[in-house]
Structures are given as structure tokens and as C-alpha cells.
1. Shape verdict for the stretch 44-102, please, from the Cα gyration tensor: rounded (a/c under 1.5), prolate (a/b greater than b/c) or oblate.
2. Any idea what angle helix 45-72 forms with the longest principal axis of the chain, computed on alpha-carbon atoms, 0 to 90 degrees, nearest 10?
3. Could you tell me what % of all Cα pairs in the stretch 77-179 have separations over 15 Å?
4. Send over the semi-axes of the chain's equivalent ellipsoid, whole angstrom and largest first, taken as the square roots of 5 times the C-alpha gyration tensor eigenvalues.
5. As I understand it, the value is the acute angle between the Cα axis of helix 146-184 and the longest principal axis of the Cα atoms of the chain; what does it come to in degrees, rounded to 10?
6. Under the rule of -39500 (n - 2.57) per DSSP H run of 4 or more residues, summed and divided by the residues of the chain, what mean residue ellipticity at 222 nm is obtained, to the nearest 500 deg cm²/dmol?
7. Going by alpha carbons, how many degrees (0 to 90, nearest 10) lie between the helix axis of 77-106 and the longest principal axis of the chain?
8. Name the most mobile residue of 122, 130, 68, meaning the one with the largest mean-square fluctuation, in a Gaussian network model of the chain with Cα contacts below 10 Å.
């Protein structure tokens, strides 16, 4: 038996690509748990938009129902103010905690959420990507679920529809006034 025949016996397919283990791919990535009512941890952009939109929708619904009930009961003004505080203060706390977690995801201190007080500057939290992998504030946030993406899309659509309505409704009212004025002549 020749040497080439012996090599063929040990290697059944001489034309197969070489096999090796890839050491730089780590399939085990640790994710931290999502904690809404905590200032520690990290949260991604899509999850920030989704959770903010979901919380806003819940608070809007509660506020509309509560204010409608109080107005039909002819409640005093102070009860409307109290109801407003009971609905919107928890939302403000949640929004602040989510902003702190988003700042942590970027790699900034939680105090960076004060940037949101400057008009337009808070968009940095939606533009800047989070740090990949683990940073000093913990493991990365978990991947976004379908529900989170739907909430984020819903929040974005509400903003777009609100802006369109703010432009279209006054223009339509002005058109109706002009049409009535032209019909009265």
C-alpha cells in the first residue's frame, strides 16, 4: 500500500474543509433582569420607548376615567388636582427611573438623566447606542420581545398621529370658517 492510499484511509474525505473550534464566539451571554421600579440596572432604547408608551397609555386612561367621574359628580377642583397628582406623580417617578437605567446602559451616571430637562436634549437617550456587553452598571439588558417592540411602535405612532392632528385640526377648522363665511354671502 502506498503512502497516498494510507492517507486516504485515515481521512475519508480529503477535500473537506479543515475543522476547528472558534474560540472568540461566546454563546453564553448573561442578561440582567428587567426592573421597572429600580434605579439600578440597564435598559435599551426600544424597551425605554415601549415601557414609557405603555405607562403613558395606562396613566392617560386612568386620568380620563377619573377626571370624567369627578366632573360628572361635580367634585371640587382640589379633588381633580389630587387625582392628577395620584396618577401623574408615579408616572414621573417611573419615567425618571427608566431614564436613569438608560443612562446606565450608555455608560453614564444616573445623574445624566437631568439632561432630559433641557428641551430636545433628552433625544440623546434615543440616539446613542448602549455599551455592548457588560459595563460598570451590570450585564446588558435582555433582547427585546415582540410585545416591547409593539409598545414602542404604538408609542411612536401616537406621537406621529398627535403631531398630524395638531396640524390638521386647526387647518380644517379654519377651512370650515372660510366655507361658512363664503356661504353666508
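1. oblate
2. Tilt relative to the chain: about 20 degrees.
3. The calculated P(r) of the stretch 77-179 puts 77 percent of pairs beyond 15 Å.
4. Ellipsoid semi-axes (Å, largest first): 56, 26, 16.
5. Helix 146-184 sits at roughly 30 degrees to that axis.
6. After summing the helix terms and dividing by the residues of the chain, the value is -20500 deg cm²/dmol.
7. 20
8. Sorting by GNM fluctuation, first place goes to 68.
We did not get these values from a lab; they are worked out from the coordinates using the rules stated. What you see is a predicted model; the values in this text were computed from it and never measured.
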